[in-house]
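Reading through the structure tokens given below for one structure.
The values are calculated or read from the model by the stated rules, or taken from the named source; none is laboratory data. Since this is a predicted model, take the numbers as computed values, not measurements. When we count neighbours, we look across all protein chains shown, and the Cβ atoms used for this are built from the backbone with ideal geometry, even at glycine. Note: areas computed on protein heavy atoms with side chains; ligands, DNA, RNA excluded. Shrake-Rupley method; radii C 1.70, N 1.55, O 1.52, S 1.80 Å.
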Amino acid sequence: MGRGDQRTLHTTLTCGGCLLSVLGSTAATLLWASSDRTRRHLGAGFEGEGTDYVAALTELPLIAAAGALVPALACALALRLTGRRKD
């Protein structure tokens, strides 16, 4: 494999990893937003009773970060277990 081919492969893998992280973050955020617990905190009660926006402000960034990191960590673990290492 030539140097140009390695560069193309590296670019493709990097873009794929970024896309996987974006998809993971989006999926985690949507899953969090659709849960009963979140709906309760964001005012799904009678006339907005029990609305707690602090839950959204504290949980949402953590959920989005975890959704982005989990695919990256899973990929790193899979590469480690299969023994494929970058030379």
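So which of 11, 58, 29 ends up being part of a helix (DSSP H, G or I), at pLDDT 85 or above, of a type outside the set (Phe, Trp, Tyr) and open to solvent by 50 Å² or more (accessible area, probe 1.4 Å)? Answer to the selection: 58. Assigned to a helix (DSSP H, G or I), modelled with pLDDT of 75 or more, of a type outside the set (S, T, N, Q) and touching a Gly at 6+ places or on another chain (Cβ under 9 Å): is that true of residue 81 in this structure? No, not satisfied. For segment 36-51, filtered to residues that are open to solvent by 40 Å² or more (accessible area, probe 1.4 Å) and closer than 19 Å to residue 61 by Cα, the residue that is modelled with the highest pLDDT is 36.
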